[in-house]
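Student: Sharing a structure, written as structure tokens. Questions coming.
The values are calculated or read from the model by the stated rules, or taken from the named source; none is laboratory data. Not measured: the values here are computed from a predicted model. Don't worry about glycine lacking a Cβ; one is built from the backbone with ideal geometry, like all the others, and counts go over all protein chains shown. Only protein heavy atoms, including side chains, enter the accessible area calculation; ligands, DNA and RNA are left aside. Shrake-Rupley method; radii C 1.70, N 1.55, O 1.52, S 1.80 Å.
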Amino acid sequence: MSISPNIPTPQESYGYEAAGTPRWITILLVLMMAGIVVLGIAGYSAQTRISQDLARQQEQNKILTAQLDQANTRIADIKSKVEITTQRMGLTQSELAQAKSRAEAIRKEQQTSDQKLTEEITQVQKESNEKIGAVATEVGGAKKDIEATKTDLEATKGKLDRSLGDMNVMSGLIAHNKDDLDELRRRGDRNYYEFTLQKSKSAQRVGPVQMSLNRTDPKKAKYTVTVVADDKTIEKKDKTSGEPVQFYVKGSARMAPYEIVVFDVGKNQITGYLATPKDGGGSAPPAAATPASAATPTKP
């Protein structure tokens, strides 16, 4: 059979289509189809996630709704109980307002009272501080006085000394005036009896002994006395002021001797003191005995 010259053959048709459709269009169409597939898959995944999130959100909303319902129920119960309690107490809204107003007034009164108390405490603290300051000043002054007194005492102690007595026995501390004697009394080491003797034939009691002044020599500050102790008479002749004049009495031999110290030698008069040990013991050494003159007791 003969082929019509106007109908193309299959080979001619393929060559015509190949020549009429460019290759890049085919590639582009393939890429577009692939992109559409990818977008479809991504859209599906996103939709799935959104659906899941929405489901979870709805579930949470249900839970919150249930909790809110429970809270509303509790609030309703509490409100009902409050109303019932208010009714039982017989309180009205006006009374509640009055009670609130009274509570506010009490609070303000308390604040005023607290402020007043704070001011009073501040004032008391101020006065206390002033008093403490004044006391501190007085204490400081007293401390200075004590220091001055201590200095005076140290100076007085420096004036007190010891020396050998007329019996070659080391004396106790010797006072040279009344102030020194007062210091010795404060120390309390011995018994001290202050005296002023007038020239007389009669004896005068001085502490535990009797003494009489025989004569004086004011220019040489010398004197002579007679001491009567334990029914024995001892004459101390031509002694000097400031010299420890020593003698023993019964019970003092093992202790320090008795000591007479004269401050001042005047015309027919001497002034001084007698010092005796605090405790006695032992027997006294023998002393010459002569008749004693009459004694006139006096206070030391």
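Student: List the number of the failed condition for Val225; all other conditions in (1) open to solvent by 70 Å² or more (accessible area, probe 1.4 Å); (2) under 25 Å from Asp161 (Cβ atoms); (3) of a type outside the set (Phe, Trp, Tyr) hold.
Tutor: It fails just one condition, (1).
Student: Right, another one. Of all residues in region 207-222, which are β-branched (Val, Ile, Thr) and either open to solvent by 60 Å² or more (accessible area, probe 1.4 Å) or more than 60 Å from the chain's Cα centre (by Cα) (or both)?
Tutor: Taking region 207-222 first, the residues β-branched (Val, Ile, Thr) are 209, 216.
Across region 207-222, the qualifying residue is only Thr216.
Student: Looking only at region 163-172, count every residue that is in contact with a strand residue (DSSP E or B) (Cβ under 7 Å, 6 or more places away or on another chain) and either free of Cβ contacts under 8 Å to residues at least 60 places away in the same chain or open to solvent by 20 Å² or more (accessible area, probe 1.4 Å) (or both) and tell me the total.
Tutor: Within region 163-172, the subset in contact with a strand residue (DSSP E or B) (Cβ under 7 Å, 6 or more places away or on another chain) is 163-167, 169-172.
Then keep just the ones that are either free of Cβ contacts under 8 Å to residues at least 60 places away in the same chain or open to solvent by 20 Å² or more (accessible area, probe 1.4 Å) (or both); that gives 163-164, 166-167, 169-170.
Count: 6.
Residue-wise test of (1) farther than 28 Å from Asp264 by Cα; (2) hydroxyl-bearing (Ser, Thr, Tyr); (3) at pLDDT 80 or above.
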| site | (1), (2), (3) |
| --- | --- |
| Asp145 | yes, no, no |
| Leu153 | no, no, no |
| Thr156 | no, yes, no |
| Leu160 | no, no, no |
| Asn168 | no, no, yes |
| Ser171 | no, yes, yes |
| Asn177 | no, no, yes |
| Glu183 | no, no, yes |
| Arg187 | no, no, yes |
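Student: Being on the phi < 0 side of the Ramachandran plot and open to solvent by 100 Å² or more (accessible area, probe 1.4 Å) is the requirement here; does Leu54 meet it? Spell out how you get there, then give the answer.
Tutor: On the way: on the phi < 0 side of the Ramachandran plot: yes; open to solvent by 100 Å² or more (accessible area, probe 1.4 Å): no.
For Leu54, the condition - on the phi < 0 side of the Ramachandran plot and open to solvent by 100 Å² or more (accessible area, probe 1.4 Å) - is not met.
Student: If I filter region 263-277 for residues that are among the aliphatic types (A, V, I, L, M) and within 16 Å of Ser171 (Cβ to Cβ), do I get at least one hit? Give the steps one after another, and end with the answer.
Tutor: Going residue by residue through region 263-277, those that are among the aliphatic types (A, V, I, L, M) are 265, 270, 274-275.
Filter again for within 16 Å of Ser171 (Cβ to Cβ), leaving 274-275.
The answer is yes, given that some residue of region 263-277 is among the aliphatic types (A, V, I, L, M) and within 16 Å of Ser171 (Cβ to Cβ).
Student: Yes or no: Gln87 open to solvent by 90 Å² or more (accessible area, probe 1.4 Å), assigned to a helix (DSSP H, G or I), of a type outside the set (Gly, Ala, Ser) and at pLDDT 80 or above? Talk me through it step by step, then tell me what you get.
Tutor: On the way: open to solvent by 90 Å² or more (accessible area, probe 1.4 Å): yes; assigned to a helix (DSSP H, G or I): yes; of a type outside the set (Gly, Ala, Ser): yes; at pLDDT 80 or above: no.
Answer is no for this residue.
Student: Residues Ile121, Ile78, Ile106, Ile63: which one is modelled with pLDDT of 85 or more and open to solvent by 100 Å² or more (accessible area, probe 1.4 Å)? Reasoning before the result, please.
Tutor: On the way: Ile121 fails: open to solvent by 100 Å² or more (accessible area, probe 1.4 Å); Ile106 fails: open to solvent by 100 Å² or more (accessible area, probe 1.4 Å); Ile63 fails: open to solvent by 100 Å² or more (accessible area, probe 1.4 Å).
Only one candidate qualifies: Ile78.
Student: Taking Ile41 and the conditions (1) more than 55 Å from the chain's Cα centre (by Cα); (2) in a helix (DSSP H, G or I); (3) at pLDDT below 85, which numbered condition does it fall short on, given that it satisfies the others?
Tutor: Result: Ile41 passes all but (3).
Student: Using beta carbons and a limit of 6 Å, which pairs, at least six apart or on different chains, have the first residue in region 210-228 and over 20 Å from Tyr258 (Cα atoms) and the second one among the basic types (Lys, Arg)?
Tutor: Sorted first by the residue in region 210-228, then by its partner, the pairs are Pro218/Lys267.
Student: Quick check on my filter: what residues within region 186-205 are closer than 11 Å to Ala275 by Cβ and surrounded by 15 or more Cβ atoms within 10 Å (Cβ to Cβ)? Let's see the steps before the verdict.
Tutor: From region 186-205, those closer than 11 Å to Ala275 by Cβ are 189-194; that's our starting set.
Those that are closer than 11 Å to Ala275 by Cβ and surrounded by 15 or more Cβ atoms within 10 Å (Cβ to Cβ): Arg190, Asn191, Tyr192, Tyr193, Glu194.
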